[in-house]
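A.B. asks: Okay, handing you the structure first.
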Amino acid sequence: MSRIGNSPVVIPEGVTVEINDKLVTVKGKLGELTQEFSDVAIKVEEGNVIVERFSDKKDEKAKHGLYRSLINNMIEGVSKGWTKNLELVGVGYRASNQGQKLDLALGFSHNIVLHIAPEVQVETVSDKGKNPIIKLTSHDKQLVGQVAAKIRGFRPPEPYKGKGVKFVGEELRRKAGKSA
């Protein structure tokens, strides 16, 4: 039995969950999210969302826990929101934003200008003596992760000096340099 799929998702105050045919819609104070589903039954009972599967087939077992997790992420997103923080490690690495335009100086000949989706709020923090930090906030966990991965992909951290774009708190596997 799926331990994740069997546990119900509690719906907090101010959040509504609607199920129409094969579509789940979650509305809250931060926004609205929808998710299609298949091979499972989703019900709303007494302030909880319950996901049930029809049989013990392998793909239905996999989707049982998957859709429960996706619905939990949607409910948490529209009530609290999701945040990812990226840190720029390296001499001369800078980040600035004007609205939804993120301007990155990552050691290339030209700056990288990235247009961020309107659902994601971007904020840059540049304190003297500290590495610049990019804060991404949204109600959609998948979208925040995708934007953060795209930014990190411009200059992933390298294993010798640790320079590059990394998540705050990320542990890097470091390598020893050349020995004389």
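A.B. asks: Using only helices, what value at 222 nm comes out for the chain when you add -39,500 (n - 2.57) per DSSP H run of length 4 or more and divide by the total residues, to the nearest 500 deg cm²/dmol?
C.D. replies: Details: 3 runs with 40 residues, N = 180.
Dividing the helical sum by the residues of the chain leaves -7000 deg cm²/dmol.
A.B. asks: For Lys130, list the aspartates and glutamates whose Cα falls under 16 Å from its own Cα; do not include residues on the same chain fewer than 8 positions away.
C.D. replies: Lys130 reaches Glu87.
A.B. asks: Return the subset of Lys61/Lys135; Lys22/Lys141; Lys29/Lys166 for which the Cα-Cα distance in this structure is over 26 Å, preserving the input order. Write out the running numbers ahead of the final one.
C.D. replies: Numbers: Lys61/Lys135 36 Å; Lys22/Lys141 21 Å; Lys29/Lys166 31 Å.
Flagged as over cut-off: Lys61/Lys135; Lys29/Lys166.
A.B. asks: Let me ask something else about it. Could you work out how far the C-alpha centroid of region 6-67 sits from that of region 68-121, in angstrom?
C.D. replies: 28
A.B. asks: In a shell of Cβ-Cβ distance under 13 Å around Leu104, excluding Leu104 itself, what net charge do Lys and Arg (+1) and Asp and Glu (-1) give?
C.D. replies: Details: positive: Arg94, Lys101, Lys150, Arg152, Arg155; negative: Glu87, Asp103.
Surrounding charge for Leu104 is +3.
A.B. asks: Can I ask one more? Taking the solvent-accessible surface of protein heavy atoms with a 1.4 Å probe, what is the per residue accessible area of the chain in Å²?
C.D. replies: Normalised by residue count, the accessible surface of the chain is 62 Å².
A.B. asks: Let me ask something else about it. Determine how large the accessible area of Ser179 is when every protein chain is in place; take a 1.4 Å probe and give Å² rounded to the nearest 10.
C.D. replies: Its heavy atoms expose roughly 110 Å² to the probe.
A.B. asks: Around Gly164, what is the net charge, scoring Lys/Arg as +1 and Asp/Glu as -1 over all other residues with Cβ under 10 Å from its Cβ? Please list the in-between numbers first.
C.D. replies: On the way: positive: Arg152, Arg155, Lys161, Lys163, Lys166; negative: Glu87, Glu158.
Residues near Gly164 contribute +3 overall.
A.B. asks: Still on this structure: Tell me the relative contact order for region 9-80 as a rounded percent, counting alpha carbon contacts under 8 Å between residues six or more apart.
C.D. replies: Values: 112 pairs, mean separation 24.3, N = 72.
Over region 9-80, the number comes to 34 percent.
A.B. asks: If the cut-off is a Cα-Cα distance under 15 Å, which aspartates and glutamates reach Lys101, setting aside same-chain residues fewer than 8 apart in sequence?
C.D. replies: Answer for Lys101, where 15 Å is the Cα cut-off: Glu119, Glu123, listed by chain and number.
A.B. asks: Nearest 10 degrees, 0 to 90: what angle lies between the long axis of helix 141-154 and the longest principal axis of the chain (Cα atoms)?
C.D. replies: 20
A.B. asks: Continuing with this model, one more query. Would you mind counting up the charge near Val91? Only other residues with Cβ under 15 Å from its Cβ, with Lys and Arg at +1 and Asp and Glu at -1.
C.D. replies: Counting the neighbours of Val91, the net charge comes to +4.
A.B. asks: Between helix 58-79 and the chain, what is the angle of the helix's C-alpha long axis to the longest principal axis, kept within 0 to 90° and rounded to the nearest 10?
C.D. replies: It works out to around 70 degrees.
The values are calculated or read from the model by the stated rules, or taken from the named source; none is laboratory data. This structure is a prediction, so every number in the text was calculated from the model and none was measured. Note: ideal-geometry Cβ built from the backbone for every residue, glycine included; neighbour counts use all protein chains shown. All accessible areas refer to the heavy atoms of the entire protein, side chains included, with ligands and DNA or RNA removed. Shrake-Rupley method; radii C 1.70, N 1.55, O 1.52, S 1.80 Å.
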